[in-house]
Amino acid sequence: MQDRPSTVHGFPLKPKFLMRTRQGDDFLNSWQLVGKLALTPILHYVATRILFSNMLNNQRKSNMLGSVKPLIVHVGGRDIEVWTKYSVRALRVRLTIQPGPRVVLTLPEGTHASTAMRFLQDHSDWLHHALGKARTTQSSVIGHFTKFPSLTFDHKWLSVEIRTAGRCTYKVKEADDVIMLFHTDDHPEESLMRVLRRVAQDGLEKAAQRIAKKVGVKIGDVSIRNQSTRWGSCSSSGSLSLNWRLILLPPAMHDHVILHELAHRIHMNHSERFWSQLEVWDPEWKRHDQELTKKWNVLMDLGR
Ligand SMILES: [Zn+2]
């Protein structure tokens, strides 16, 4: 069994791509490493100016320089965007790689620009290494279906065919095990997402009701969410929230998540009894759980 936050009864999975710098790094030694991070002079000038202007804004509690413009640094032969943000709670300068990958430099309030720049210089090797390991976002749903042209609708694994049309809709061709997704061609990504939300709403509602009936538990409303932190959750009143991305999983894993949430209708925790219950319904739950963790990275950035 994996580590699970005991207070969460949803489907918690930890984003494993989040990396942190080593604790207690002494960036005052960074001058020994100057030159490893080749900031071009102009970009260095711009970056320093942005940081300095943020220092001033910071007085007025402006918190997120990164939301305006990133710093551009040259690491390992390419230009990397580094988004900076000031944090009241941060105790030290921190560099993290978020999904995307998006590089974020978190600075305690009042950090001097030169300290931030030294920290970046000091951590250029780390950044280069970490970015090499970070996955690239596959944020396009159209791109996703080009690679993986299938989805689960209720209990069926269907081939996906995408067409442009006058409106956003879908059609299941049961006999051929095909689902046709029709999107408008003005904003293909957004309109395809609208179709997928509908497919998810209809398919997951049917699946949840079908599976609940099969295992003999009662559920309330089924709502479809675009959470990026969990596959699903179950309230004490029996309402299920399911991540629309479940339809992108093969039926066994799709059902596994629903069964997990249904097991919470009996045990509102992750106790031994909860897992025993799940094992009765889904004897291969451990394998499904592991597979699901692997899929996390690929799927959670889609449609955001
Ligand atoms: Zn749970």
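The values are calculated or read from the model by the stated rules, or taken from the named source; none is laboratory data. Not measured: the values here are computed from a predicted model. Cβ: placed from backbone, ideal geometry, glycine included. Neighbour counts: every protein chain shown. In case anyone asks, the SASA skips ligands and DNA or RNA and just uses the protein heavy atoms, side chains included. Shrake-Rupley method; radii C 1.70, N 1.55, O 1.52, S 1.80 Å.
Okay, here's what the table says:
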item: L105 accessible area, 1.4 Å probe, all protein chains in place, Å² to nearest 10; result: 0
item: Accessible area per residue in Å² at 1.4 Å probe, computed on the stretch 139-264; result: 44
item: R94, R167, reordered so the largest accessible area comes first (probe 1.4 Å); result: R167, R94
item: By average C-beta atoms within 10 angstrom, highest first, the peptides 117-129, 74-86; result: 117-129, 74-86
item: P(r) histogram, all alpha-carbon pairs of the stretch 125-188 included - 5 Å bins from 0, percent; result: 4, 15, 19, 17, 14, 8, 6, 7, 6, 3, 1, 0
item: Computed over the stretch 206-245: relative contact order in percent, which uses C-alpha pairs under 8 Å that are six or more apart; result: 38
item: Sequence of S271, S241 from largest to smallest accessible area, 1.4 Å probe; result: S271, S241
item: Dipole moment magnitude, nearest 20 debye, the stretch 141-299 about Cα centre, only Lys, Arg, Asp, Glu C-beta charged; result: 220
item: In Å², nearest 10: area of M268 left accessible to a 1.4 Å probe; result: 80
item: Links that overshoot a 25 Å alpha carbon limit, given the list K156/K295; K213/K294; K206/K295; result: K213/K294
item: Shape parameters for the stretch 191-304, alpha-carbon atoms, Rg then Dmax in Å; result: 13.4, 43
item: The stretch 191-221: trypsin sites (Lys or Arg not before Pro) falling in loop per DSSP and having at most 14 other Cβ within 10 Å; result: K218
item: Sequence-distant aspartates and glutamates (8 or more away, or on other chains) whose Cα lies within less than 18 Å of K173; result: D154, E161, D202
